[in-house]
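Take a look at the structure below.
The values are calculated or read from the model by the stated rules, or taken from the named source; none is laboratory data. Quick caveat, the model's predicted, so the values are computed rather than measured. Note that we place each Cβ from the backbone using ideal geometry, even for glycine, and neighbour counts take in every protein chain shown. All accessible areas refer to the heavy atoms of the entire protein, side chains included, with ligands and DNA or RNA removed. Shrake-Rupley method; radii C 1.70, N 1.55, O 1.52, S 1.80 Å.
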Amino acid sequence: MDISEKTSVKSEHEAEKLARIAFHSIKGVGSGRLRQIIAYFGSALNAWYASESEFKKWGTESWAHSVMSERSRIDPHQMARSLAQKEVKTVIPEEEHYPALLRELADAPPLLYYKGNIEAGEEGVALVGSRKATPYGKAAAEFLGKELVRQGLVVVSGLARGIDTAAHKGALSGQGKTWAILGSGLDYLYPPENKKIAEQIILQGAIISEFAPGVPPEPQFFPMRNRIISGVARGVVVVEAAARSGALITVDFALEQGREVFAVPGPIFSGQSKGCHQLIRQGAKLVEGVEDILSEFIIESRDCDCGNGINFLCAKNSDKNEDDCKEKSLAPEQQEILAFLSDLPLHIDQIALQSTLTASQVALVLLELQLNGKIEQLPGQRYVLARKC
């Protein structure tokens, strides 16, 4: 199918993009093979018009014959129309709005599919961690996500359960941009329970993949996804990770790519803290606040107003006692209960044992604090501080 004659594109970029979309639909042509094709023929467009004999010089005879056979049945324009109907956009490294940091990598995907909006000049910080996140880890990821977007950065993660989801939620609540990098085509949202948050991300950022629509999630695709998470980011923050967490794969890619690596310390009794603590021992920068991240980049931190909540991991206020952040208008019994709570879940019975209040009074005060947005209730009548900055 002729691309250049039958399209109304106004630039070589659009014609080249059509050729790359078409090649992606051929079995066995992923990002790696497509990069090889482009390197050998000079462009995907040149390769699209190459003869079978030219393909034989580069690949095997059987593969060359397969490409010719597949190419004859493909209509690139129909494929482009199909993507448009699904509201799927594409971008190639030659275009201005392709993520600039990713473009610098030798293995940068020659074609990205996305839904939402990607703009030139946007830069991000990746927040990654355990799928089996603790309430502490989720609170940290959500807080950091919210604070990073307040600094004008894009929060990058992988839409997985646990830390990824919390990071995206934090960015969305901060009214900022977040990118979710998928290990599948954009029509396979995994995990399925994150469909609603993915829809929000599309409105405030983008979901991105190097895999064409129709490609299901496979275990071997997730390390490939991880290299893009670190590749589009200026740095990678591991919020919570076990000793052998998959998040550490992202760290390996980050180090290879010359990215900054950060880690959030956690409770010493939690197995989900061991990976972060190991990274810190190996030289990752310890993160107690968003300014620990920003200090590694040439970014001027914007003011962070403590507001109505207790500041969590906020470097600007790290030297303050938590009492300084509490509302002076809180009743004495409410301040007493708040003093017992932290980011580690505490059962109502444990709170009652430590308190001078009766059990019924404790239950009432906990309800009042929940309604005021000071604390959150977790399953099993456990409570943690509601961290908001």
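So the values come out like this:
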| quantity | calculated |
| --- | --- |
| Test result for Y136, within 22 Å of P265 (Cβ to Cβ), of a type in the set (S, T, Y) and either in contact with a His (Cβ under 8 Å, 6 or more places away or on another chain) or open to solvent by 10 Å² or more (accessible area, probe 1.4 Å) (or both) | yes |
| Counted residues, the range 155-190 - those being charged (D, E, K, R) and touching a residue at least 40 places away in the same chain (Cβ under 8 Å) | 2 |
| Some residue of the range 95-104 being farther than 21 Å from V238 by Cα and among the aromatic types (F, W, Y) | yes |
| Positions within the range 351-389 being in a helix (DSSP H, G or I), open to solvent by less than 90 Å² (accessible area, probe 1.4 Å) and not β-branched (V, I, T), in sequence order | A352, A359, S360, Q361, A363, L366, L367, E368, L369, Q370 |
| Any chance G275 is more than 16 Å from the chain's Cα centre (by Cα), assigned to a loop (DSSP other than H, G, I, E, B) and either surrounded by fewer than 24 Cβ atoms within 10 Å (Cβ to Cβ) or not β-branched (V, I, T) (or both) | no |
| Residue check, L127 touching a residue at least 60 places away in the same chain (Cβ under 8 Å), assigned to a helix (DSSP H, G or I) and farther than 24 Å from E12 by Cβ | no |
| Residues being more than 18 Å from E210 (Cβ to Cβ) and of a type in the set (G, A, S) - total across the range 153-185 | 8 |
| Flag for L83 being under 24 Å from E119 (Cβ atoms) and in a helix (DSSP H, G or I) | yes |
| Within the range 40-71, considering residues that are farther than 18 Å from I21 by Cα and either in contact (Cβ under 8 Å) with a residue 60 or more places away in the chain or aromatic (F, W, Y) (or both), the one most open to solvent (accessible area, probe 1.4 Å) | W58 |
| Residue check, E87 farther than 28 Å from L203 by Cα and either among the polar types (S, T, N, Q) or open to solvent by 70 Å² or more (accessible area, probe 1.4 Å) (or both) | no |
